[in-house]
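The values are calculated or read from the model by the stated rules, or taken from the named source; none is laboratory data. None of these values were measured; they are calculated from a predicted model. Glycine also receives a Cβ, built like all others from the backbone with ideal geometry; neighbour counts cover every protein chain displayed.
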Ligand SMILES: Nc1ncnc2c1ncn2[C@@H]1O[C@H](COP(=O)(O)OP(=O)(O)OP(=O)(O)O)[C@@H](O)[C@H]1O
Ligand SMILES: [Mg+2]
């Protein structure tokens, strides 16, 4: 795994991502723990409007995760904002909750967009951020955001989210090819629901339990193979010595093995891949009070 420290934090990748989950996931937030001090510090803020999760994350100027909010919301589909009012409302509520927790107003944020979405849709993302009361300081494509955290020089990043799989090829630290195609965790859940004759919501819950993933693996392996085929098609013709998987769905047991098998390229998943892209989006926000 990456031995470099992430941004200026001095933390290795695994510790950095574990810290991010500890300050964002409600199950990890201790009711008794004092809120992280953000007094007077310039902050970097990121908004990720995903198909499955909306994420709002606050970093210090060095990139260290200080606090965040995270919520399931079906307001975006395949990178397109399908429920503008719903997205802005949810984000405004998340901002208010986070502000109460850290005792400070948030005024600005960067946001991200999947590669290949039309410019009007990219602007829609910025409008959601503004409608929630944040000045949108900038927009970054999601794979480049992920690489703000991962710092891959030569290889590929594959972001397996809720609705889509994003691919970025990096050569000499530069993004040279990107793509985003339908297939993600929503498809995993649809297949599980269909196979077990249960609801989508129950399938969503079931697949998050590590104990269940071994049993569910044979059912969703064909969807994993589809993800791997998307990756394979987009790395074709480039020098890709390694694939790094990020996004919530890459946490499903066996993803790296299937991707390595289908692509023929070694693949790895960091220990907490869920927030890599939102953290990288926040790094795109210039630090300000
Ligand atoms: N531990 C886990 N194991 C398997 N799947 C998981 C796990 N944690 C989250 N997921 C799945 O990951 C998906 C959400 O990941 P992520 O937040 O990266 O997607 P998103 O950014 O909302 O979607 P997209 O990038 O496609 O717009 C959901 O389908 C969720 O069920
Ligand atoms: Mg995403």
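Structure summary
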item: Test: residue 240 is part of a loop (DSSP other than H, G, I, E, B) and touching a residue at least 24 places away in the same chain (Cβ under 8 Å); result: yes
item: Residues of segment 61-90 that turn out to be closer than 26 Å to residue 287 by Cα, in contact with a strand residue (DSSP E or B) (Cβ under 6 Å, 6 or more places away or on another chain) and touching a residue at least 40 places away in the same chain (Cβ under 8 Å), as a count; result: 7
item: Leading residue by the ranking (farthest from ligand 2 (Cβ to nearest atom)) among those in segment 149-162 that are assigned to a loop (DSSP other than H, G, I, E, B) and under 20 Å from residue 53 (Cβ atoms); result: 162
item: Segment 231-253, residues that are over 30 Å from residue 42 (Cβ atoms) and within 12 Å of ligand 1 (Cβ to nearest atom); result: 245, 249, 250, 251, 252, 253
item: Unmet criterion (only one of (1) on the phi < 0 side of the Ramachandran plot; (2) assigned to a loop (DSSP other than H, G, I, E, B); (3) within 14 Å of ligand 2 (Cβ to nearest atom); (4) in the same structural domain as residue 45 (by TED's automatic domain parsing)) for residue 106; result: (3)
item: Test: residue 218 is away from ligand 1 (no atom under 13 Å from the Cβ), more than 21 Å from the chain's Cα centre (by Cα) and without any contact (Cβ under 8 Å) to a residue 40 or more places away in the chain; result: yes
item: Residue among 128, 117 that alone is over 27 Å from residue 229 (Cα atoms) and in the same structural domain as residue 84 (by TED's automatic domain parsing); result: 128
item: Matching option when the condition is surrounded by fewer than 18 Cβ atoms within 10 Å (Cβ to Cβ) and either assigned to a loop (DSSP other than H, G, I, E, B) or modelled with pLDDT of 95 or more (or both), among 278, 222; result: 222
item: Of all residues making up segment 46-63, the number that are more than 16 Å from ligand 2 (Cβ to nearest atom) and surrounded by 20 or more Cβ atoms within 10 Å (Cβ to Cβ); result: 3
item: Members of segment 188-203 that are surrounded by 20 or more Cβ atoms within 10 Å (Cβ to Cβ) and either without any contact (Cβ under 8 Å) to a residue 40 or more places away in the chain or in contact with a strand residue (DSSP E or B) (Cβ under 8 Å, 6 or more places away or on another chain) (or both); result: 189, 192, 203
item: Verdict on residue 50 being within 16 Å of ligand 1 (Cβ to nearest atom), at positive phi and within 14 Å of the chain's Cα centre (by Cα); result: no
item: Residues that are farther than 24 Å from residue 48 by Cβ and within 14 Å of ligand 1 (Cβ to nearest atom), drawn from segment 254-288; result: 254, 258
item: Any hit, segment 70-80, residues being away from ligand 1 (no atom under 16 Å from the Cβ), part of a strand (DSSP E or B) and more than 30 Å from residue 176 (Cβ to Cβ); result: no
item: Residues within segment 163-185 that are touching a helix residue (DSSP H, G or I) at 6+ places or on another chain (Cβ under 9 Å), at pLDDT 95 or above and outside any strand (DSSP E or B), tallied; result: 3
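For (1) buried (at least 18 other Cβ atoms within 10 Å of the Cβ); (2) within 16 Å of ligand 2 (Cβ to nearest atom); (3) part of a loop (DSSP other than H, G, I, E, B), each residue gets a yes or a no:
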{"residue": "40", "(1), (2), (3)": "no, no, yes"}
{"residue": "44", "(1), (2), (3)": "yes, no, no"}
{"residue": "67", "(1), (2), (3)": "yes, no, no"}
{"residue": "87", "(1), (2), (3)": "yes, yes, no"}
{"residue": "99", "(1), (2), (3)": "no, no, no"}
{"residue": "112", "(1), (2), (3)": "yes, yes, no"}
{"residue": "133", "(1), (2), (3)": "no, no, yes"}
